[in-house]
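What follows is a single structure, written as structure tokens, with notes after it.
Coordinate-derived values only; no laboratory data. Since the structure is predicted, the reported quantities are computational estimates derived from the model, not experimental observations. Positions of Cβ are backbone-derived with ideal geometry, glycine not excepted, and every protein chain shown enters the neighbour counts.
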Amino acid sequence: MPTLPSRSPVTEVPAAPAADALHHFSRLLQLETDCWDVHASLENGGFVLLDVRSPEHFRRGHVGGAVNLPHGRISERALAAWPPETLFVVYCDGPHCNGADRAAIRLASLNRPVKKMIGGITGWIDEGLPLVEGP
């Protein structure tokens, strides 16, 4: 077994206790999902995928089956077509964009279940998954 250095940026701060890690990472999965899980689940449904970017960005390329609802337009009225228990999965441009976070905050404030697709459209493309162009 290789010898571990006694001190490094990784080990400088000790790891959290296992119970804390279990709680933290379990909680993350309640709030986030990834591109592959969304891709694998699109056919089965159970959620509405919201592209919360601008209509122009949506037209240039989006995840097939996504509904375009820019984060600033999320309202009770805009969500009226879906029952209150509908799970929304939101995405924006990617790690450099906070549109999905803003959408998640808005949905949660309206008492709607929500998860964020981590990576956004950038992550989707990085994974080699297909985009759809047009409305």
Seminar exercise, completed: Filter the stretch 108-135 for residues that are touching a Leu at 6+ places or on another chain (Cβ under 8 Å) and crowded, with 17+ Cβ neighbours inside 10 Å; the one that is farthest from Trp36 (Cα to Cα) is Arg112
For this session: Under 7 Å between Cβ atoms, at least 6 apart or on separate chains: pull out the pairs that start in the stretch 62-91 with a residue that is free of Cβ contacts under 8 Å to residues at least 40 places away in the same chain and end on any residue that is of a type in the set (Ser, Thr, Tyr).
Result: Pro70/Ser54
Exercise. Could you list, in sequence order, the residues of the stretch 98-107 that are buried (at least 17 other Cβ atoms within 10 Å of the Cβ) and not small (Gly, Ala, Ser)?
Worked result: Arg102, Arg106, Leu107
Exercise. How many residues are surrounded by 13 or more Cβ atoms within 10 Å (Cβ to Cβ), charged (D, E, K, R) and either assigned to a loop (DSSP other than H, G, I, E, B) or over 17 Å from the mean Cα position of the chain (by Cα) (or both) when one looks only at the stretch 40-58?
Worked result: 1
